[in-house]
Every structure is written in C-alpha cells, then in structure tokens.
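The values are calculated or read from the model by the stated rules, or taken from the named source; none is laboratory data. Bear in mind the structure is a predicted one, so any value in this text is a computation, not a measurement. All Cβ positions, glycine included, derive from the backbone under ideal geometry; neighbour counts span all protein chains shown. For the accessible areas, the whole protein counts, side chains as well, though only heavy atoms, and no ligand, DNA or RNA atoms are used. Shrake-Rupley method; radii C 1.70, N 1.55, O 1.52, S 1.80 Å.
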Amino acid sequence: MSEARDGMKVVPSRSSEWVRPVTPKKPASAIIEIDGVSQVFQTSARKDHLALSDISLTIEEGAFVSILGPSGCGKSTLLYIVGGFVSPTSGAAKMKGQAITGPGPDRGPVFQEFALFPWKTVLGNVMYGPRQQGVRAAEAEAQSRALIEMVGLKGYENFYPKELSGGMKQRVALARTLAYHPEVLLMDEPFGALDAHTRTRLQNDLLNIWERDRKTVLFVTHSVDEAVFLSDKVVMMSKSPGRIREVIDIDLPRPRRRNELLLDPRYQKYVVDIERMFDEVDETGSVS
Amino acid sequence: MSEARDGMKVVPSRSSEWVRPVTPKKPASAIIEIDGVSQVFQTSARKDHLALSDISLTIEEGAFVSILGPSGCGKSTLLYIVGGFVSPTSGAAKMKGQAITGPGPDRGPVFQEFALFPWKTVLGNVMYGPRQQGVRAAEAEAQSRALIEMVGLKGYENFYPKELSGGMKQRVALARTLAYHPEVLLMDEPFGALDAHTRTRLQNDLLNIWERDRKTVLFVTHSVDEAVFLSDKVVMMSKSPGRIREVIDIDLPRPRRRNELLLDPRYQKYVVDIERMFDEVDETGSVS
Amino acid sequence: QQTIRVGWTIPAEESKYWMMRRPAEFPDIGKTYNIEWTQFQGTAPMTQALAAGALDCATQAPLSLANGVVGGNLKAYIVAQHVFEKAGGFSVYWAVMDDSPIKTIADLKGKTVGISVIGGGTQGPFNLLLKQNGVDPAKDIKLVEVGFAVSEDALRQGRVDAVNMNQPFAARAEAKGGTRKLFSLSQAMPNIVHILEACRADFVDKNPELVKAYVRDITSGMKKALANREETLKVVNEVLKAPIPVLETYLLKDNDFGRDPGAAPNFPAIQKMLDIYAETGMLPKLDVAQFKHPTIVAPLQ
Amino acid sequence: MSRSLSANVMLGLAPIVLVIALWQGLVSFGFAPAVLLPPPGVVFSRLLQQLVTWTFQQEIAATLIRLFAGFAIAVVFGVSIGIAAAASPAINAIVRPIVRVLAPLPKVALYPALLLLLGFGHGSKITLVAADALFPILLSTYYGASTVEQKLIWSAMAAGTPRYEILFKVVLPAAMPSILTGCRIGLVISCIVVFLAEMITSTDGLGHVLVTAARTFQAVDMFVPLITISLLGLILNGLLGAVRSYLLRGFPEA
Amino acid sequence: MISPLALARRAAPMFACIGLLAVWQIASLALKNDSFPTAIEAIRAIPDILGDKESLINILASLRRMAIGFGIAVLVSIPLGLLMGRSRAVAAFFNPLLMVIYPVPKAALMPIIMLWLGVGDITKTLVIFLGVSLPVIYHSFEGAKAVEEKMLWSGAAMGLSLLQRLIRIVLPAALPEILTGCRTGLVLALITMITSEMIARQSGAGNILFNALDMGQYDTVYAMIIIVGAMGICLDAIFERVRARLVRWSEPQFDMPLSFS
Ligand SMILES: Nc1ncnc2c1ncn2[C@@H]1O[C@H](COP(=O)(O)OP(=O)(O)OP(=O)(O)O)[C@@H](O)[C@H]1O
Ligand SMILES: Nc1ncnc2c1ncn2[C@@H]1O[C@H](COP(=O)(O)OP(=O)(O)OP(=O)(O)O)[C@@H](O)[C@H]1O
Ligand SMILES: [Mg+2]
Ligand SMILES: [Mg+2]
C-alpha cells in the first residue's frame, strides 16, 4: 500500500521549525496505536453511557485511514481520544510509542462543529496556527492567503465567522488546521457541509497535500464513496456501543484520479461491499 | 408532474386545529411565490455584500423542490426569507398570496445548525411544537416518541443536546419540525451530518410523510443524487451573488423506489446533467 | 515638622473649623506643625479610629470616649471642650406636635420615640428623666433611631410621636411652628457637655510640645470664633455648607449651645455625666481624673 | 463523584481555615489588639452560644426576612425589565437611559427619604435592598437576553409560539446562565445592604446587633453578627449554586 | 437625513430623563416633605456645587480613587475569574472564600481596616476595589466556564500552552460576558465611590453628599445625586462605545424579531 507513495519525491515542508524530526522513516511503522480503548459518558438520563467499547486500531505512518459508521457510533469520540482532548475511560492511545496525554501540534483536528474563533476574521483564524508556531507574520499571512484561496474563499479574508455560510465556515476550519502542518490530521467530516463540486475539489487538494507532505490522516466520513476514493484503509464501526466491525484495506493504485476510478470495477466493488456491510451493521446495532 | 400525487388518497392530517383551510385545492396552485428578492448584508469587511440577487421562484402546493448550489451561494438565506425570519432587502415573498411578514407554524424550518433548545431533552425538544399547538401532553408525547423512534433515537429521549453526536442532533432537529406538521417544510441540508445508511432511511421516511400529508417541501441539499431522487423540481443556483441559474423539472414516476431508480437511465441522465451544470456554475461564479 | 492626625465632625466645633479654614490666622499651623484632617460621621467611629491608632486627636462625646476606655483599652486625655449646655441657652429637647395628646413625660408610655443614636450620649440623661417619671425606657416605649436631620420630618409625618431636636434643625422647626418642646436634657442635668477634644495618651506623652501647640491653637480658635461672629458665620458656612441666613438664626446666639471662652473642659460636669451613665447602666463607674493631663489642657496660651 | 465532591469541599475549606489561622496569628503576635480583633476561638464559641438563644435567632430572622424580600423583588423586577428591554426596542429606548441614570446612584443617600416614606420597619430596608440588588440582575439579564442565539427564537416562532411567550419559553431559559450570575452578585449585594441599612437605623437585625456592640467596644459581640452574615452568604450561595446546576443541567457549561 | 424613527430613538434618552425628573417633581410635590426636595430645587443647587472650586477638587479626588480602584479590580478580577472558570480546583478553592468575604459589610470592618491602612485613600480605594471586583470576578468566571470546549481544543492542538489558551482563547471568547461584569462593576464603582466616604471622610464627592445629608441640606444631597447620575451616563456611554468595538464579532446578526412596537 505504501509503494506508490514511497516512490514519490518528498517535497520539503514549507516551514522549518515545526517539522517532524528528520530521522529516516521505516516504510510502515505504526504512528498511532489505539489499544483496548473504551469510553463511558455520564449522562443525565442514564448513569453510564458506553460510547466506545474496546477499540483497538493501529495506524501506520503516512496512511490515509477513514472511519465509517452509523451516526452516533463514537467516531468523533475516537478522534477526540487520539487528539488527546479526552482521555479514555479505559485503554490507551499512543502516538509514536508515547502515550497520548494531551493535545499537541503534531495532531491537527478539524472538528465537526468547526469551532472557529468568532472574534477573528477568516484570515485571523487561518493565521492563528502558523503564528503560534512562530512563523513570521508576513510569511504566515502569505501561506494563509494561499490556503484560503485553495478552499475557495478568496475575497472573504476579512469576514467574521458569523458572516459566513455553513460550508464556508467548514472550509475555514479546514484551512486553519492545514495551515500549521500537523503531522497527523484528524478530520471529522470535513466536507460534510459542502456541495458536491467543492467537495470533489477539496478532496483532490487534500490528496495532493497528503501525497506531497506524507501526512497521516484519520478521516471520519459518512460517504462510502469518499472513504474508498481517499483511503488506504477503511475502518467500519458498529453502533452503540461503538465497536470496530471491520478494517478493509483499499488496494487501489495511487495517485488516484476520480474519473478513472469511478469506472474501475475494483472501486465499485469496494463501494458496494462496504455499503452492504453498513446495512448489516446498522441492523444489528441498537441502543444498549 | 402532479398527476401521480393527485391520484393518491389524501390522508387527513393528524391534528386538527392548525391544518390549512379545507378549501378545495386546485391541482397546481402556487403556495409560495418569491418575486425579485435580493438580500444585501452589511459585513464588517465590506459595506454591502450582495448575497442574493433578484431571485424569482414559484413553488406549487404539494411540490418537493430542491435547491442546489455551491457553498455560500445564498441557499440558507433564501430559506430564511421564505421562513419569514429575515425580510429581504428588496423584492417580496408570498405564501398563498399573502406577503410573508414573519415566521409561522405553517412553515417549519430545519436549520443547518440544528438550533436545538439546550435546556430541553430530546423528548422536550420534539414535544415543543405540538405542545405549542395545543396538543395535549400525553398525545404530544406519544407522537413525539414515535417520531424519535423514526429518526432512530429510541432510548435517547432523555438525553440533552450536549450529550448527542452531530448526526443525532440533526435528527432531533428534523423530528422537532416534523412534530408540529407544518404545511411547508423548509429544510436546510437536513441529512448533511448523517451516514449514508441513515440518510437513505430518512429520505424514504420523508418521502412517505410527504406523499401521505401532501406537504410542500423546500429542500436545500448538496447532493445531486438526493435532489434528483426526492424532487419534482431542482433549482440550481449560481454563486456570489446568488442567482437562479436553472430550474429543472424532474419527470420521474412516483412513488420512487431507490433500487429501481438507480438503474433508470433517465435518473442517471438528470444526475449527470445537473453535475455538469454545477461545474459550469462554479467556474463562472466568483466573489463580486 | 510634625503632623498630627485629627478627626472632626459637624456641626459644632467652631474653633477647629477656624483652624481648618483660616490657617493663616494661626502662627503655628503649617509652620511648626501640620494637621491632617479627617472628617467622620459621628463620634463613635472616631473613638474606634483613636483606639486603632489611626487618629491622634479627635472630637469626642463623653460617652463614646468612656466606651473606648472601657471596651477599647483606649487611654486618652481630654484637652479641650467644644460645646456644652449653658443655662438659658439651647438644650437638646424632645418635641411633639402641637396637637399631640402627649403633655408630660409619663404620657410617652406606649409611644414611638425617636432618638438620634440609640446608646448614644443623649440616652443617659434621657433614660434618667424617663425613669424619674415612671417610664421604663426599655419596656414602656418603642425607641427608634432618627438622625437629627430628619427629626422634624419624622415627627410631622407621624412616624414618631416624639423626637429629639438639635441645632440647627431645632431653629428651623421652630421657625415653621406646629411643634412644641416636651422636655429637654437640661431637666436632667443643667450643664451637659456635648463634645470635647480628646487626644491619645501615648501620643501626648510622646509629643507633648506638638499637642501643646495644637491645644493652644484650639484655645485661640475658640477665642476668634467668639470674637468675630461675622467671620465665624462664614467659616461655618464653608464647612457645613449651611446657608448663612439659617446659621444667622442661632449660631453663637442665646438659643445656641454654650462655649467656654478658653475651651476649658468642665471636668466636674463630665464626671456628673459619667455618673448618670453609670446610674442608667450604660457604663461602669469611671473617674474623670484619668482623662486629665496635668499641663496640657485648654486654655493654653 | 462523591469523592471529588468531598475533595472540592476540602479545597474550599482550606483558604477559609487559612484566613482563620491568619486571624489567630494576627491576634497572637499582637498585630491587632484584642479589643479590635478578638481571637477567632472566642468569637466562634460566642457565636455558638448566641445561636441557640431566642433573641439572637429573632435578629437573624429579621435580617433574613429583609434580605429575602428585597432580593426576591430585585430578581422579579430585574429579570422582567431586563428581558423586556432586550426584546422590545421601544422599551429599550425608555429603560436604557433610566437605568443609566439610576443604576450608579448611591441608594444609601435615599435611605432617609425611604425611612420617612415607609417607616422604620421592614419596608424601608427591603426597598433599599431591592434598589441596590436590582441593577446587577437587570444588567446581566439584559445582556444575556440580547445575545440569545437567533435561531433558537426562530425555531420557537416557527413552531407557533406567540411573540410574548417567546420571552418565557426561549429568551428566559436561554439567558438563564447570565441571569443566575446576576442573581449571585445581587445576592451578595443584598447581604451587604441589608446589614448597612440595619446599621444606619434599626431596632433589630444583625446590623443593629453589630452597631450596638461596636459603640460600646464589645469586640466579640461585634464579630458574631459579622461571622453570621458571612456564613449566611456562604449558605445562600450554596443554595444558589444548587439551583444553578439544576436549572442549567442541559447547558454545556453545567 | 435622519428618519423620524431614528430621531425619536436618539431623543428617547432625553425624554426618559425629563420624564424621570417630572415624576420626581410630582412625587416630591405630593409628598411635601423637607427631606425630599423637588427636582427643580435640586437642579438649582447644582451650579453652587460645580461652581465651587473646592467641591470640584473634591469630586475629582473621588473620581481618581474610583479610577484606581476600578483599574486594579479589573486587572486582578479578570484573571482570577477566568482561572476559576477553567479550573474546577481553582473554583473550588476560591469560591467559598469569596462567598465568605464579600457579604461582610466593609463599613463594619472599618475599625480594623483603619488599624492597618489608616483612614486615607488606601482604605477607600480598597472598598471600591471590593465593590468592583465582585461582578467582574463572577461574570469572568461564568464566561470562562461557557467557552466552547472545542475552541480550546483547537488552540491546544496548535500548541498553545495552558496560559496562552487562557489569554488568547478564553479571554476573547468570554469577553462579552466579562464586559457585562465590567459594566456592573462600573455602576458599583460609582456607588462605592460615594459610600466609601460615608464614615471616614476626607475630600470627595461622598463627603459633600453625606455632609449635606447630616446637615439636612437636602437640595445639595439631591443635586449630588444628579451629578453622580450624570457621571454614570457619561461613563456608561464611553463604556458602551468601547464594548461595541471590542465585541462587534459577537453581536447578534439579525435584529431580534420580537419587537412589540
Ligand atoms: N458529552 C457527552 N455526554 C454523554 N454522552 C455523549 C457525549 N458525547 C457523546 N456522547 C454519546 O456518545 C456516543 C458517540 O458520540 P459521537 O459524537 O462520538 O458519535 P459520532 O460517531 O461522531 O456520530 P455522528 O456521526 O453523528 O457525528 C453517542 O451515543 C452520544 O450520545
Ligand atoms: N449575517 C451575515 N452577514 C454578512 N454576510 C452573510 C451573513 N449571512 C450570510 N452571509 C453571506 O451570504 C452569503 C450566502 O450565505 P448562505 O448561508 O445563504 O449560503 P448557503 O448557500 O447556505 O451556503 P452553504 O451551502 O455553505 O450553507 C455568503 O456569502 C455569506 O458570506
Ligand atoms: Mg461525530
Ligand atoms: Mg447554508
């Protein structure tokens, strides 16, 4: 799965201080290990609500892994745990062999709810990360403007979040995270509020960035197409309490072109298989 | 386009006080007329930001109309105007010949951001509308529980919104609006945060409700498939400032079955045509 | 150049007002020593300030000073006296409305009576008078606190049946008419000392010369106040902000309190008052001698 | 859960114990004469002694009645005026300048007039408490209500809620966090003001107990009402905290 | 051209003030009571106060103390409130302490405060400080508590340290609520500015007011009240400007569709 990528020229990252250490990388070393993670929430309705049950998953460095699963199965929660925002009730998550104890600039989240800083403009939001990493203002601004243009928001640099549409906010959130080049991207339905066309364009952009910078991506999506198109690996979760139902390796050549792939019977088979699996998952799962 | 529907038996609405007047209905009388509507926003970055420009559109009673368009083209804004939440800068919107001056229980919105009442549980949120309409508590609760079950949230009745996942919140928002049986549904990407499977199921449920109650639906979506599958009419908008680019009648038989339709070449042609149009729209549109 | 921290209050300390307002008239103030003036609401807070060492000298009433001694371990000397009740002059009195059925002190039984400060300096003689007339001040009347400034209004509005009156409010009320005097404190004791000047003993012992200079100035201030009524009216007007026409009606006239020309404390009278307080249970028995400094006491030249 | 609760209680007691220790230290090492600052032990034992006496209980009752009545009036008026001002531009145009003028007035200065108007009993004190506690509650309510998420109001209106009902059904609950913050401030101010009013003119209540003690330098008796009002503040706030976590149970911050 | 409605809105404060004075005038005429002068009497006394150089100096002295007390209170209370809002432990530590300290009337503690701090500016500034800090702390506290967690998570993921998050995310996000606290604080600053001068008086606006009260000069009392009210209007207007600038991003996008007019 990593041959295609290994053969590519590694473009040096744009900023220098915050890139990962330049130790030579083994082709498929695990970057994130999730080990027997369970998450219990205290809700006002029930004493304990088991959201995740005994999740174990290993993500290799540079892999693009998608998580699919019915609504409410714990995908976001899993991402929070990897991000270090929430510590699991039991089990442990590791990054590069080190237990994850908190958030860090090596793992960049794109939240389902965007969580933009309402007191900053679009540009201010996107520049926030690079500035924090010590990138000089002029440089950070140039980079940010480029990213804003990439997500199709040129001309909206000085708008405040409340003045944006849903999809525009989502794109700002995406740009904001990409701007500080985290090693691992944790994306929670980052294209959910986008129209088909914008979505396709951003999928391609994301793939380009990923291939160029060799990022690891953990990608939550609801679209089976999207998952198959983008990923090396699709993790299928089942509902309530969230469990890993299946991990599917997507063995399609890279770089992937949308038009070609759509006609590829292997692609179609993946999509159909996973959709069928989805139906099964959803039928068996019910609120505990 | 309305033959299929006219042939159907009209199921009487469940609650009685607030149903539309029982005057005999002409087959295709306009229920909503949007006439030369423009919307200008004052933003902090620019003095005037033209979000909608000269939109005219007529929606017939009982029609299912989808709005498609690139992110930020003004779909939500248009819905707000029809809902009576925002009054347009120029032009006018009418409902049944009467100028729309404010919100009313005849037009039920499902907002892109859900806008659930944080101080109410799932059940409380869904029951709000019927209670407001004077439905007795026991009855309202029974109806609401049925709707909650329909959207797949049985068991979560006493959860507060903060304890729900994104997709779950969206489903509560949907149930909350359906619960008070508005004559016109104004839905802003109501399935955006849902996985493919749940989405399909709810699409079917929505179609059933629509066919049974002969509701008028104005439906914003990002999915071309979804628009074609559900609608009588697809309105294609172009970006910045939002204009109506094209109105496409979807001439497919009803009731529609997903499996059949997917194989129908007419369906496929609609999808392909609209997707192509999308590409054009997106290229021409740019920030003014 | 040393500084002395002095507390003062309104309304009847003319010699101190002169010192504040006309310092140029006093050869020492601002030259050999400085005064840091702080105004207080009533004498009780000043007693606390003296006890806390936040003030060196302050205006005191016999009762508040004695309270400081008994409760607050305060040691102080009475160095001067501001006003007292002179025969034929003004005496704090309790007034009722003209048409009130209350004719004698005994009629106060079961009535609401206003007093400026419950447990204050006037309450000793007041209690004594009541007792002498067969009224138990603790049980037979309802006592409420009514500041002098609102006394007249409270009485006219019927909030109280009888209330104490003091200058300048008494003059104002009398001018308006409709009220009458029921009894006055002079009936309990003819020469009540209302306010005097006290200094902390430790301060006096440490800075005898400084305090001497201060007492000297108080003495000469009193002289000036009495000698030049015209100017005193202006000075008091500046301090009290009370209009001169109002002051004109009573200040330094026969219907005012008495002022000793040398500001000399009347120790026997003070002793008598302490005895009254002891008798009415407000204080233990005290000897006025402890407040006497052998040399530093007005009048000083 | 219960362990973290008791840990929190310990954490909260720590600084209070520290303050008492500091107090004891100040007395022991002679930084303050005992006649001004009596040792804590003496004060607390005197407090315990007093608490069981009927007269002292009556003083507390008098203070509490004024406190609660004044605070309740302030809450009712503060919340309703605040919400009305946020909801209606017309009311806002009238209320805003009035609030601007009245809020910063030192209400104590009006107390003599209140005494004459309402007498020396509860009425004048309750009014003073209400007047002082009103504005913090009103301002918090106003700002809370004027920043309510628009789409919540829209949702309710679309469900057929009449405009005036929106105030109770949406604006009020949505502004609740802010309102309760205002109430907390108003409650503390009520405690201070009821005491102050009783100190200025009264025949009963804790403030009266305090002044009589202060005038005669009964330092211990002076501190007993002070400690009592302190404890009352603590208890009332605990209650308010419980009310708060019940009312805000759905909100993310609760 | 200003529309009549906008004109009416702009004039509304004027009308409200005039209305207030009218109500006062009528009430005082009806009550006929010396200690409650009519509005006209009070207004007539204003020039006397403002024309007197000494009074002006007194008032300025009060304002200076108020500014200092307010400034220090804001500087101390906002960080404390934010810390309490973001850390359960800090909140659990300070909350009971504050709740024990605040209800105690400062006037009652005067003897002890005088003992350590004297009777001068420090004591009065302290009283103002305590008055202002109460609302600022609690509004900052609640504001910080309500900050959306995912915003903090975003910041943490960008490498912001705990302190940086507090300053750069919690502070701006809670700013609207903090400013509500400051607004209440401003009101309390004016009130405590006056009342702090009730018992121990040197030069100050409160001094003028309470002296007049003691002397039964009620027109002066109420003239001072009007002056303080006017100060309130000015400070408030300035504050609203600053506020509007700082939190423009949080203002509701649409007018509240609730107007009954
Ligand atoms: N703060 C919370 N308190 C209690 N329960 C919670 C909380 N957050 C999430 N849950 C529960 O945990 C489960 C998983 O939530 P999560 O947000 O991870 O789902 P998800 O897979 O991301 O769903 P979606 O696709 O709809 O976003 C849900 O059942 C939800 O009710
Ligand atoms: N309150 C506002 N102030 C200023 N501009 C606004 C405001 N609301 C929306 N806009 C602008 O209006 C345009 C249309 O917004 P709208 O939310 O209607 O888009 P949309 O079609 O719903 O997009 P999406 O699919 O991303 O939700 C956008 O360019 C947006 O920037
Ligand atoms: Mg999720
Ligand atoms: Mg939208």
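Considering B:Lys75, B:Lys47, B:Lys96, the condition of being open to solvent by 30 Å² or more (accessible area, probe 1.4 Å), over 20 Å from B:Arg214 (Cβ atoms) and either touching a residue at least 60 places away in the same chain (Cβ under 8 Å) or within 14 Å of chain A (Cβ to nearest Cβ) (or both) is satisfied by B:Lys47 alone. Counting residues in the range B:209-223 that are within 20 Å of B:Leu78 (Cβ to Cβ), within 14 Å of chain A (Cβ to nearest Cβ) and either more than 16 Å from ligand 4 (Cβ to nearest atom) or more than 15 Å from the chain's Cα centre (by Cα) (or both) gives zero. For E:Gly185, the criteria (1) at the interface with another protein chain (Cβ under 8 Å from one of its Cβ atoms); (2) touching a Pro at 6+ places or on another chain (Cβ under 6 Å) hold in every case but one, which is (1). Screening the range D:157-175 for residues that are open to solvent by less than 40 Å² (accessible area, probe 1.4 Å) and more than 7 Å from chain B (Cβ to nearest Cβ) and picking the one that is nearest to the chain's Cα centre (by Cα) gives D:Ala175. One residue is enough: does the range B:148-166 have a residue meeting the conditions within 14 Å of chain A (Cβ to nearest Cβ), open to solvent by 10 Å² or more (accessible area, probe 1.4 Å), within 16 Å of ligand 2 (Cβ to nearest atom) and within 20 Å of B:Leu230 (Cβ to Cβ)? So far as the range B:148-166 goes, no, none of its residues is within 14 Å of chain A (Cβ to nearest Cβ), open to solvent by 10 Å² or more (accessible area, probe 1.4 Å), within 16 Å of ligand 2 (Cβ to nearest atom) and within 20 Å of B:Leu230 (Cβ to Cβ). Residues in the range D:12-25 that are within 8 Å of chain E (Cβ to nearest Cβ) and either of a type in the set (Gly, Ala, Ser) or open to solvent by 60 Å² or more (accessible area, probe 1.4 Å) (or both): D:Gly12, D:Leu13, D:Ala14, D:Val19. The helices (runs of 4 or more DSSP H) found entirely in the range A:75-193 that carry 2 or more residues being within 16 Å of ligand 4 (Cβ to nearest atom) and closer than 30 Å to D:Glu149 by Cα are A:166-179.
Pick from the range A:78-93 the residues that are within 13 Å of ligand 1 (Cβ to nearest atom) and away from chain B (no Cβ under 14 Å): which of them is surrounded by the most Cβ atoms within 10 Å (Cβ to Cβ)? The extreme case among them is A:Gly83.
Of the numbered criteria (1) open to solvent by less than 50 Å² (accessible area, probe 1.4 Å); (2) more than 9 Å from every other protein chain (Cβ to nearest Cβ), the one C:Thr32 fails is (1).
With the condition kept exactly as written, say whether any residue in the range A:129-141 is more than 16 Å from ligand 3 (Cβ to nearest atom) and at positive phi. Scanning the range A:129-141 turns up at least one residue that is more than 16 Å from ligand 3 (Cβ to nearest atom) and at positive phi. Could we say that A:Asn259 is open to solvent by 40 Å² or more (accessible area, probe 1.4 Å), more than 14 Å from chain B (Cβ to nearest Cβ) and polar (S, T, N, Q) here? No. Total residues in the range D:96-122 satisfying the condition of being without any contact (Cβ under 8 Å) to a residue 24 or more places away in the chain and assigned to a helix (DSSP H, G or I): the figure is 13. List every residue pair whose Cβ atoms lie under 6 Å apart, where the two residues are 6 or more positions apart in sequence or sit on different chains, the first residue falls within the range D:169-186 and is over 19 Å from D:Ala156 (Cβ atoms), and the second residue, located anywhere, is open to solvent by 10 Å² or more (accessible area, probe 1.4 Å) and small (Gly, Ala, Ser). Close Cβ pairs satisfying both conditions: none exist. Of the candidates E:Leu209, E:Leu190, E:Leu175, E:Leu186, the single residue that is within 19 Å of the chain's Cα centre (by Cα) and without any contact (Cβ under 8 Å) to a residue 24 or more places away in the chain is E:Leu209.
Would you mind stating whether C:Ala66 is over 25 Å from E:Gln217 (Cβ atoms), among the hydrophobic types (A, V, I, L, M, F, W, C), away from chain E (no Cβ under 14 Å) and crowded, with 24+ Cβ neighbours inside 10 Å? Yes, satisfied. Against the definition (without any contact (Cβ under 8 Å) to a residue 40 or more places away in the chain and crowded, with 24+ Cβ neighbours inside 10 Å), how does C:Gln48 come out, yes or no? The answer is yes for C:Gln48.
Tell me the strands (runs of 3 or more DSSP E) entirely within the range C:87-206 that contain at least 1 residues that are more than 30 Å from C:Thr3 (Cα to Cα). Correct list: C:93-97, C:112-115, C:142-145, C:162-165, C:179-184. Among the residues of the range A:218-228, the ones that are surrounded by 23 or more Cβ atoms within 10 Å (Cβ to Cβ) and away from ligand 3 (no atom under 16 Å from the Cβ) come to 2 in all. Could you please find all residues in the range A:199-217 being open to solvent by less than 10 Å² (accessible area, probe 1.4 Å) and farther than 26 Å from A:Met95 by Cα? Passing the criteria: only A:Leu202. A:Ala173 meets all of the listed conditions (1) more than 16 Å from ligand 3 (Cβ to nearest atom); (2) of a type outside the set (Phe, Trp, Tyr); (3) not assigned by the TED database to the domain that holds A:Phe64 but one, namely (1).
Whenever a residue of the range B:110-124 is within 16 Å of ligand 2 (Cβ to nearest atom), its partners that are of a type in the set (Phe, Trp, Tyr), lying with C-beta atoms within less than 8 angstrom and at least six residues away or across chains, give the pairs B:Phe111/D:Trp154; B:Ala115/D:Trp154. Cβ separations smaller than 7 Å between residues 6+ apart or across chains give the following pairs from the range C:265-287 residues that are under 13 Å from C:Gly121 (Cβ atoms) to residues that are among the hydroxyl-bearing types (Ser, Thr, Tyr): C:Leu283/C:Tyr277. Selection over the range E:90-134 of residues that are at the interface with another protein chain (Cβ under 8 Å from one of its Cβ atoms), open to solvent by 40 Å² or more (accessible area, probe 1.4 Å) and at pLDDT 90 or above gives a count of 2. Restricting E:Ala108, E:Ala91, E:Ala144, E:Ala73 to residues that are touching a helix residue (DSSP H, G or I) at 6+ places or on another chain (Cβ under 8 Å), of a type in the set (Gly, Ala, Ser) and without any contact (Cβ under 8 Å) to a residue 12 or more places away in the chain narrows the list to E:Ala108.
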